[in-house]
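First up is the structure itself, then whatever we jot down about it.
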């Protein structure tokens, strides 16, 4: 995290460890606020790569599951970088700016992905740079839509995954109620101060809970190389293009879509426990016995009590059996409706 930005956040009540802002003094109250009030987060759990140069778009088109060439200026898209076997090594949000393409993803996976993609640059005119310490991501959530953003932008983009240039940065709409602001640390301080009387500061857990409720997964070190993109619903949130040309892992991803029946899917679920299970925790079901049928992708405490999670499980088990966390004696998952329809 940028040192100047870190000092600013600490002066404004932030607590954290290892570069991640965990809370602003009252994590439980912040979680409650995220469910019903305007909140803003430093989203410090995500880092950023920048791809610049005249071959950047063409290079990324051949490496990622999303359609990079279809991105308009200030447009964004979810996507994945896959292994040759079609398994997700990392997923991300990618957007196009005037100076290149930016990729936000979990910090823990960023160095390895930067190294991996850098291996394929070869003679292409592409520069791959870690901009996590130079640029800042702010997450904004407001259940009443654009209200409260007038001070920051005269008008926010009307359509999800479009953005507008504002306040020395970019305001990118994720959904009807969530946005990302992206810019320099110096500009971020001004934006934070401008919005502080309208948006409550919250830590990483509260923002991650909003991601979970939105059905947006984040692959971590514990779940890396475990899923084809469809298992974590990436094609349902626009993260996989089946019309673009070849990319690493494309053959397996396409075969899964057109020639086979997907046996595992990601579900939004709730369990009545105090502590969120770690990503990668095994999922079991009564019909399969001791054979694990999936795993936890992401989990966070819920403002209503218990834990909300995104978990991959056997479709047949969810439809006909009870599904448990960690063991056959573990808590039973209660599935919740996702904000998008499963096939």
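The values are calculated or read from the model by the stated rules, or taken from the named source; none is laboratory data. Keep in mind the model is a prediction, meaning the values are calculated, not measured. Heads up, the Cβs are rebuilt from the backbone with ideal geometry, glycines too, and the neighbour counts pull from every protein chain shown.
Quick notes on this one:
- The residues of the range 325-343 that are outside any loop (DSSP other than H, G, I, E, B) and surrounded by fewer than 21 Cβ atoms within 10 Å (Cβ to Cβ), listed by number, are 332, 334, 335, 336.
- Candidates 196, 221, 185: the one that is touching a helix residue (DSSP H, G or I) at 6+ places or on another chain (Cβ under 8 Å), surrounded by fewer than 21 Cβ atoms within 10 Å (Cβ to Cβ), at pLDDT below 95 and in the same structural domain as residue 33 (by TED's automatic domain parsing) is 185.
- The range 90-104, residues that are closer than 17 Å to residue 224 by Cβ and in contact with a helix residue (DSSP H, G or I) (Cβ under 7 Å, 6 or more places away or on another chain): 90, 91
Here is a yes/no grid of residues against (1) without any contact (Cβ under 8 Å) to a residue 40 or more places away in the chain; (2) under 30 Å from residue 245 (Cα atoms); (3) out of contact with any strand residue (DSSP E or B) (no Cβ under 6 Å at 6 or more places or on another chain); (4) in the same structural domain as residue 97 (by TED's automatic domain parsing):
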site: 13; (1), (2), (3), (4): no, no, yes, yes
site: 27; (1), (2), (3), (4): no, no, yes, yes
site: 36; (1), (2), (3), (4): no, no, yes, yes
site: 42; (1), (2), (3), (4): no, no, no, yes
site: 46; (1), (2), (3), (4): no, yes, no, yes
site: 55; (1), (2), (3), (4): no, yes, yes, yes
site: 64; (1), (2), (3), (4): no, yes, no, yes
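- Filtered residues of the range 34-73 (kept if within 25 Å of residue 152 (Cα to Cα), more than 19 Å from the chain's Cα centre (by Cα) and surrounded by fewer than 19 Cβ atoms within 10 Å (Cβ to Cβ)): 36, 37, 72, 73
- Check on residue 112, crowded, with 23+ Cβ neighbours inside 10 Å and under 19 Å from the mean Cα position of the chain (by Cα): no
- Strands (runs of 3 or more DSSP E) wholly inside the range 2-44 containing at least 2 residues that are at pLDDT 90 or above and in contact with a helix residue (DSSP H, G or I) (Cβ under 8 Å, 6 or more places away or on another chain): 20-23, 39-41
- Residue match in the range 307-317 (condition: surrounded by fewer than 22 Cβ atoms within 10 Å (Cβ to Cβ) and free of Cβ contacts under 8 Å to residues at least 12 places away in the same chain): no
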